[in-house]
Structure formats: C-alpha cells, structure tokens
Amino acid sequence: MIQEPRQLTLRKSFPRPTKAQIDAFRDVPTGFVCDAMDGQGALSSEIKAIGDGRDIKCHAVGPAIVADNGPAGILGTMGALHMLEAGDIVVAAVHGHKNCSASGDQFMGMLKNKGAAGFVTDGEMRDYDGIVEVGLPAWCTGLSPNSPYATGPAWVGFGAVVGGVRIESGDLIVADVNGVVVVPFAKIDHVIAKLAEVKALEEALEAKVKSGFCTMAAIEEMLSDGRAVMLDD
C-alpha cells in the first residue's frame with residue numbers, strides 16, 4: 001500500500017432508533033423477534049452469552065455502535081467507548097479472530113460506567129470473574145487470556161459483518177441467553193407491528209400445549225393427500 005490508512009476513523013452521527021422503538025423490544029424473547037422477521041436475524045450460534053448466562057443476566061436491548069477493529073484489534077472498541085451514548089450496545093468486530101480477547105473486565109467496567117447496555121463481539125473475552133463482578137451483559141465466542149492490540153486501522157459508527165450478519169450502527173440489537181438478533185434500522189417499525197401477532201400466536205399455542213395438545217395437523221394432511229407416506233417397515 002502506497003499510503004497507510006488512518007489508524008482510527010470515527011463517524012460522528014448515524015440514524016438511531018427512538019426510545020419508544022427500543023422500549024417496544026424490552027423483555028421480548030429473541031425467538032419472537034426472529035419470528036417477526038421470517039425466522040431470520042440471529043448471529044451465528046458461536047456468539048453466546050458469556051458463561052452461557054449462568055453468572056450474568058444476559059438480556060439487552062439497544063442501538064448498535066459498531067467498532068470494526070480487524071483481527072486481534074481493540075482500537076475501534078476504544079473509539080466506541082469515546083462515542084457511545086447511554087443505552088448503546090457496543091458491537092466489536094474482530095473478524096472472528098481466535099486466541100485473543102476482544103475485551104476484558106476493566107474495559108467492560110468502563111463501558112458500564114459510560115452507560116452501555118451491553119457488549120457483543122465475534123471474538124473472545126478474558127477476565128471472566130471480573131466481568132461477572134462488573135455485571136454488564138456480554139456475548140462472545142469464548143475466553144482467551146491473550147491481549148489485543150490498539151494499532152488499527154479501525155472504524156467506528158459504520159458497519160461490519162459479525163456472526164454472518166451485516167450490522168450497521170443504529171440497527172437495533174436484541175440479545176438474551178438464546179443469542180443475539182439484529183433488527184435493521186429500516187425494519188424496526190415493521191417488526192414492532194409483527195411482534196403483536198407473533199406474541200398472540202405463541203400464547204395461543206402455549207395454552208393448547210399446556211392443555212395436552214400434541215397433534216401435527218400439517219403431517220396428518222400430508223398423509224391424507226399423498227404428499228407423505230407411512231411405511232410398515
């Protein structure tokens with residue numbers, strides 16, 4: 001490369017969901033959100049609640065502020081700390097890099113002090129006991145005591161592919177012990193409208209199951225019209 005890139009590029013402003021939009025997803029299970037998006041939206045299952053959620057109540061809702069660090073980097077995440085607004089969820093992209101932490105307990109403490117609602121990374125983390133003490137909800141791919149580097153180049157406030165899903169800063173993150181779901185900014189109101197229908201259907205089915213329901217009508221129909229066949233052996 002003839003000219004080296006800047007070490008850090010920060011995007012000052014990007015579209016953000018309103019408080020009412022964010023509140024519409026409070027205490028909503030990630031499964032409901034995915035159902036409202038045709039069964040899609042979740043990041044790779046490699047990205048899990050830290051410690052599988054056994055020591056920290058991992059549920060968070062808020063706008064994504066994306067820090068595209070590159071492998072083994074943390075400079076973008078540092079920039080996100082500088083820029084974040086209370087309630088933001090920092091999404092630290094390290095391009096799936098393994099054997100290096102994307103954040104530790106002290107940085108998590110600073111994020112909590114600044115008002116972050118959570119932390120999501122496609123990399124690993126370290127200092128588990130300290131992270132538990134901080135108590136900020138976090139999702140990652142595992143643990144590694146190795147340290148990251150603050151060398152860049154890195155970008156904050158733009159977007160990145162994390163866990164197989166493109167996330168733009170300002171998209172809505174809904175995360176719980178089942179995983180992390182991304183609601184694109186442009187689809188937030190559409191998903192909110194669908195959530196009421198999803199919730200109603202789920203509650204109706206739950207009531208039937210608790211009453212003993214165990215029939216798959218679709219399978220019975222397929223058997224009756226020949227789309228499926230039952231063999232004796």
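Answer with yes or no whether Asp68 is open to solvent by 50 Å² or more (accessible area, probe 1.4 Å) and among the acidic types (Asp, Glu). No, not satisfied.
Applying the set (1) surrounded by fewer than 20 Cβ atoms within 10 Å (Cβ to Cβ); (2) over 11 Å from the mean Cα position of the chain (by Cα) to Ser45 leaves exactly one unmet item: (2).
Within the range 96-133, the only residue that satisfies the criterion of being of a type in the set (Ser, Thr, Tyr) and either at pLDDT below 95 or open to solvent by 10 Å² or more (accessible area, probe 1.4 Å) (or both) is Tyr128. Listed conditions (1) surrounded by 12 or more Cβ atoms within 10 Å (Cβ to Cβ); (2) under 15 Å from Ile173 (Cβ atoms) are all met by Arg26, apart from (1). Restricted to strands (runs of 3 or more DSSP E) entirely inside the range 148-230, those with at least 3 residues that are in contact (Cβ under 8 Å) with a residue 60 or more places away in the chain and of a type outside the set (Val, Ile, Thr) are 172-176.
The residue of the range 71-95 that is farthest from Ser169 (Cα to Cα), among those that are in a loop (DSSP other than H, G, I, E, B) and open to solvent by 50 Å² or more (accessible area, probe 1.4 Å), is Pro71.
Please verify whether Ile50 is under 14 Å from Ala175 (Cα atoms), crowded, with 24+ Cβ neighbours inside 10 Å and either of a type in the set (Lys, Arg) or in contact (Cβ under 8 Å) with a residue 60 or more places away in the chain (or both), treating the condition exactly as stated. Criteria met by Ile50. The set of residues from the range 11-45 being assigned to a loop (DSSP other than H, G, I, E, B), of a type in the set (S, T, N, Q) and farther than 20 Å from Gly157 by Cα comprises Gln40, Ser44, Ser45.
Does the range 196-216 contain at least one residue that is in contact with a Lys or Arg (Cβ under 6 Å, 6 or more places away or on another chain) and of a type in the set (Gly, Ala, Ser)? No, because not a single residue in the range 196-216 is in contact with a Lys or Arg (Cβ under 6 Å, 6 or more places away or on another chain) and of a type in the set (Gly, Ala, Ser).
The values are calculated or read from the model by the stated rules, or taken from the named source; none is laboratory data. Worth saying up front: this structure is predicted, and the values here are computed from it rather than measured. Cβ coordinates were reconstructed from backbone atoms using ideal geometry, including for glycine residues, and neighbour counts include every protein chain displayed. Calculation scope for accessible area: heavy atoms of the full protein, side chains included, ligands and nucleic acids excluded. Shrake-Rupley method; radii C 1.70, N 1.55, O 1.52, S 1.80 Å.
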